[in-house]
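Q: Have a look at the structure that comes next, please.
The values are calculated or read from the model by the stated rules, or taken from the named source; none is laboratory data. Computed from a predicted model, the values in this text were never measured in an experiment. Glycine gets a Cβ as well: all are built from the backbone with ideal geometry, and neighbour counts include every protein chain shown. Each accessible area value is taken on the protein alone, full model and side chains, heavy atoms only, with ligands, DNA and RNA left out. Shrake-Rupley method; radii C 1.70, N 1.55, O 1.52, S 1.80 Å.
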Amino acid sequence: MNDIDETHSRRWRLVLGTAAEPSLGGLGSGDDQAMDAALSALYNTDDTTSSGKRAAGLGGSAPKVARWLGDIRTYFPSTVVEVMQRDAVDRLNLTQLLLEPELLEAVEPDVHLVGTLLSLNGVMPETTKATARMVVQKVVREIEQRIAAHTLAAVSGALNRAARIGRPRLRDIDWDRTIRKNLAHYLPEHRTVVPERLVGYGRKAQAVCRDVVLAIDQSGSMASSVVYASVFGAVLASMRALKTSLVVFDTEVVDLTEQLADPVDVLFGTQLGGGTDINRAIAYSQSLITRPADTLFVLISDLYEGGIRNEMLRRVNAMKESGVQVVVLLALSDEGAPAFDHDNAAALAALGVPAFACTPNKFPDLLALALDRGDIQSWANTNAGQP
């Protein structure tokens, strides 16, 4: 057997488990055996209870789980570790063990783990909260590094375009655009352009040009969206040209605008799970809008409405008719759209407000387009759900 065949056999043996040994052979190295043990503890379906349901291969021992977490970090890349951790929580009911500080220190932090921790916030003992906060903070900082520069550049560009004026002061002239606008007035004999119209930027450093209201559904299925939206909210709040408000909702509405200086505080102010009253959240958001023509309202929700549906639609339409730029996202995550209410999405589309999923990488460009009052529908048709 050549090296390629041996590699394929080894990989299939690790995937299929001990039942495949008669056909594929055993595992030679100690590392391979350790990898196999880690995989078997999570995915071995031969261990069943008397009821026929799969038994928890890791048992209820915290030290055993800690060793397993260490093993998977040793033998698998971080992307695989994140998947295995999520599967362990789902398949082996290890949620309660995440409440132990020593286990949190052993896990690979990722957005999904943050969502799990936030869902446990209400039952988390004080001895665990400090460790949980460090885990959440690490993920938040990684997201900030990933999206902050792109967001600031895209949004600043949109605000600059919005502030462009036709009679600028000398120091505010945009010479590049001024020349482009006046190329028809080029005088060959003088080899120069005589501008008939100056293009420049208004002096807006201290002025608030736009208001942004983010309303985030904190039902359990929206966990990743809550994490990303909170970080984006904090980045936007750092821009003096924007007035950013952030509210989260289930059946109640909580205004977390005052916590936007620290997205970790925002996240620990959420409570994942529970019902959903979108109408109530929109009603509160309307109370924050004082300049409709200069306001962007972003609703992030799977649109499963537990409140008054017709009233919700009426409020969205009233916002739009008053001049508010309305954007509805079914998800703000790398995973695409979750299950969502197709009837409500269709009803919003009929009002001229498309509902679609958006990835974090694309969201800055969507923000810029929305602040520019561009064509959201066309953008969604091209970009929705793309990485």
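Residues are listed down the side, and each one gets a yes or a no for (1) small (Gly, Ala, Ser); (2) open to solvent by 10 Å² or more (accessible area, probe 1.4 Å); (3) touching a helix residue (DSSP H, G or I) at 6+ places or on another chain (Cβ under 7 Å); (4) farther than 15 Å from SER301 by Cα:
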{"position": "GLU321", "(1), (2), (3), (4)": "no, yes, no, yes"}
{"position": "GLY336", "(1), (2), (3), (4)": "yes, yes, no, no"}
{"position": "ALA347", "(1), (2), (3), (4)": "yes, yes, yes, no"}
{"position": "ALA355", "(1), (2), (3), (4)": "yes, yes, yes, no"}
{"position": "ARG373", "(1), (2), (3), (4)": "no, yes, no, yes"}
{"position": "ILE376", "(1), (2), (3), (4)": "no, yes, yes, yes"}
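Q: Which condition number in (1) surrounded by fewer than 18 Cβ atoms within 10 Å (Cβ to Cβ); (2) within 29 Å of GLY233 (Cβ to Cβ) is the one that ARG91 fails?
A: Here ARG91 meets the rest and fails (2).
Q: What tally of residues in the stretch 360-375 results from selecting those that are among the small types (Gly, Ala, Ser) and assigned to a loop (DSSP other than H, G, I, E, B)?
A: Residues of the stretch 360-375 among the small types (Gly, Ala, Ser): 368, 370, 374.
Imposing the further condition that a residue be assigned to a loop (DSSP other than H, G, I, E, B) reduces the set to 374.
Residues flagged as among the small types (Gly, Ala, Ser) and assigned to a loop (DSSP other than H, G, I, E, B) within the stretch 360-375 amount to 1.
Q: Run down LEU329, LEU351 and say which single residue is touching a Cys at 6+ places or on another chain (Cβ under 6 Å) and surrounded by 14 or more Cβ atoms within 10 Å (Cβ to Cβ). It would help to see each step written out before you state the result.
A: Values: LEU351 fails: touching a Cys at 6+ places or on another chain (Cβ under 6 Å).
Criteria check complete, one pass: LEU329.
Q: Filter the stretch 52-89 down to the residues that are modelled with pLDDT under 75, among the small types (Gly, Ala, Ser) and under 29 Å from the mean Cα position of the chain (by Cα), then identify the one that is nearest to LEU113 (Cα to Cα).
A: Out of the qualifying residues, it is SER78.
Q: Hey, among ARG309, ARG314, ARG280, which residue is charged (D, E, K, R) and more than 23 Å from SER221 (Cβ to Cβ)?
A: ARG314
Q: OK, next. Going by what's in this entry, would LEU366 be described as surrounded by 15 or more Cβ atoms within 10 Å (Cβ to Cβ) and in contact (Cβ under 8 Å) with a residue 40 or more places away in the chain?
A: Details: surrounded by 15 or more Cβ atoms within 10 Å (Cβ to Cβ): yes; in contact (Cβ under 8 Å) with a residue 40 or more places away in the chain: no.
When the stated conditions are applied, LEU366 does not pass them.
Q: Among the listed residues VAL328, VAL324, identify the single one that is free of Cβ contacts under 8 Å to residues at least 60 places away in the same chain and under 17 Å from ILE216 (Cβ atoms). Quick ask: steps written out before the conclusion?
A: Numbers: VAL324 fails: under 17 Å from ILE216 (Cβ atoms).
Step by step, each of VAL328, VAL324 is checked, and only VAL328 is free of Cβ contacts under 8 Å to residues at least 60 places away in the same chain and under 17 Å from ILE216 (Cβ atoms).
Q: Identify the residue in the stretch 270-312 that is among the polar types (S, T, N, Q) and closer than 21 Å to GLY115 by Cα and, among all such residues, is modelled with the highest pLDDT.
A: Here is the first cut: in the stretch 270-312, the ones among the polar types (S, T, N, Q) are 270-271, 276, 279, 285-287, 290, 295, 301, 310.
Filter again for closer than 21 Å to GLY115 by Cα, leaving 270-271, 276, 301.
Details: THR270: 86, GLN271: 78, THR276: 89, SER301: 95.
It comes out as SER301.
Q: Are any residues in the stretch 378-387 part of a loop (DSSP other than H, G, I, E, B) and surrounded by 19 or more Cβ atoms within 10 Å (Cβ to Cβ), and if so, which ones? Talk me through it step by step, then tell me what you get.
A: Restricting attention to the stretch 378-387, the residues satisfying the condition of being part of a loop (DSSP other than H, G, I, E, B) are 384-387.
Matches in the stretch 378-387: ALA384 only.
Q: Run down THR49, THR95 and say which single residue is under 26 Å from PRO360 (Cβ atoms), of a type outside the set (Lys, Arg) and at pLDDT below 75. Spell out how you get there, then give the answer.
A: Working: THR49 fails: under 26 Å from PRO360 (Cβ atoms).
Going through THR49, THR95 in turn, the sole match is THR95.
Q: List the helices (runs of 4 or more DSSP H) that sit entirely inside the stretch 196-299 and contain at least 3 residues that are buried (at least 22 other Cβ atoms within 10 Å of the Cβ), touching a Ser or Thr at 6+ places or on another chain (Cβ under 9 Å) and touching a residue at least 60 places away in the same chain (Cβ under 8 Å).
A: Output list reads 223-237, 278-288.
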